[in-house]
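Worksheet: one structure, shown below.
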Amino acid sequence: MEKLDWWCRDAWIVFIFALGTCAAVWLALGWDALPLGAKGSLLAAIIMPLHVVEEWKWPAGLHYAYNAIIFPKLQPDPGQLDRFPMSRLTDMFTNVGLVVVPMVYAGISVALPFLSTMLALCMVFFCFGELFAHTLVGIVSWRRYRPAGNRAIYSPGLGTSLLLFTPAGLYLCMHLPALVGSDWIGAVAAFVIMFLLCIVLAEFPLRRWVTRQEPGMFAFPRPQYYARFVDLDAYPQKEVVLNKKG
């Protein structure tokens with residue numbers, strides 16, 4: 001168990017950066033020959049490690065928004081705020097999947113070019129989905145912590161969503177051919193498959209299991225970006241919003 005906990009700290013982030021580097025080399029060497037679906041999928045695989053750094057390392061704290069702001073009612077008890085429903089284990093599986101699955105989609109686009117357009121459209125959904133999700137969390141957290149001095153509509157991950165995922169999504173939109181019904185159906189199916197593999201199957205079976213492990217196992221250490229707005233002495237037992245009005 002200790003080795004798994006070690007892997008879920010930093011080693012997996014090194015691993016996805018290695019995968020992202022492979023995707024970057026693949027994209028650079030094959031740019032002229034790759035179909036649009038492969039380009040879009042590889043762009044997503046390249047951006048994800050940078051996105052994870054923003055969520056996990058600097059300024060970090062997405063887990064806190066997820067657990068304390070978006071889904072606080074799911075808590076089995078207040079003492080699990082640092083690892084339920086999102087833990088380092090569940091988030092590791094999700095984000096590794098969000099690098100691996102796009103790389104698989106890139107390979108499918110190369111092997112089966114007739115699927116390229118639908119997979120490119122799937123990556124459009126993914127890119128703008130990241131932007132939508134992080135903007136929504138940013139708005140919710142801004143409203144929640146405004147009494148504590150929060151002045152920014154921001155959540156960890158929004159920066160890379162705006163600066164990287166959004167341009168990638170716009171590039172794909174500009175180069176998509178005329179779409180037909182089968183493209184939309186295939187894109188939705190590919191997106192659902194990615195969602196199921198990387199989020200539903202990766203997270204839900206493990207959530208309760210994590211809470212049965214030793215205290216601190218797979219737990220996030222602190223609220224990070226949100227630390228300035230909450231009472232750290234109460235974390236993870238409960239959240240107390242600081243009052244900085246005036």
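Calculate the tail of P(r) for the chain: the fraction of all Cα-Cα distances greater than 25 Å, expressed in %. Could you put the intermediate results ahead of the total?
On the way: 13529 of 30135 pairs.
Distances greater than 25 Å cover 45 percent of the Cα pairs.
Amide H contacts of Val230: Leu242, each under 5 Å away and 5 or more positions distant or on a separate chain (H built 1.01 Å from N in the peptide plane; Pro and chain starts excluded).
For Val124, what is the net charge nearby, where nearby means another residue's Cβ is under 15 Å from its Cβ and Lys, Arg count +1, Asp, Glu -1? Here the charged neighbours net out to -1.
Which ³J(HN,Hα) values, rounded to whole Hz and listed in residue order, are derived for the stretch 143-153 from phi using the Karplus coefficients 6.51, -1.76 and 1.60 in 6.51 cos²θ - 1.76 cosθ + 1.60 with θ = phi - 60°, glycine and proline given as x? Working through the residues one at a time gives 5, 5, 9, 4, x, 8, x, 6, 10, 10, 7 Hz. Backbone geometry of the stretch 114-122 corresponds, through the Karplus equation with coefficients 6.51, -1.76 and 1.60 at θ = phi - 60°, to 3J(HN,Hα) couplings of 5, 8, 4, 5, 5, 6, 5, 5, 4 Hz, x marking Gly and Pro. Shown here are the Rg and Dmax of the Cα trace of the stretch 90-176, at 16.0, 54 Å. Result for the chain in a Gaussian network model with C-alpha springs under 10 Å: among Leu131, Leu50, Leu196, the largest mean-square fluctuation is at Leu196.
Rule-of-thumb check for the stretch 150-205: C-alpha Rg over 2.2 N^0.38 Å? Walk me through the numbers on the way to the answer.
Numbers: Rg = 15.6 Å, N = 56, 2.2 N^0.38 = 10.2 Å.
With N residues counted in the stretch 150-205, Rg over 2.2 N^0.38 Å equals 1.53.
Once the Kirkwood radius over Cα pairs is known for the stretch 13-140, the Stokes-Einstein relation at 10 °C and 1.306 mPa s delivers a diffusion coefficient of 101 µm²/s. For the chain, averaging the sequence separation of C-alpha pairs within contact (under 8 Å, six or more residues apart) and dividing by the residue count gives a relative contact order of 29 percent. Each stretch of four or more DSSP H residues adds -39500 (n - 2.57); spread over every residue of the chain, this sum gives -18500 deg cm²/dmol at 222 nm. Counted by Cβ distance under 11 Å from Thr160, the other residues give a net charge of -3, where Lys and Arg count +1 and Asp and Glu count -1.
None of the figures in this text is laboratory data; all of them are computed from the coordinates on show. This is a predicted model, so every value here is computed, not measured. Counting neighbours? That spans all protein chains shown, and the Cβs are built from the backbone with ideal geometry, glycine included.
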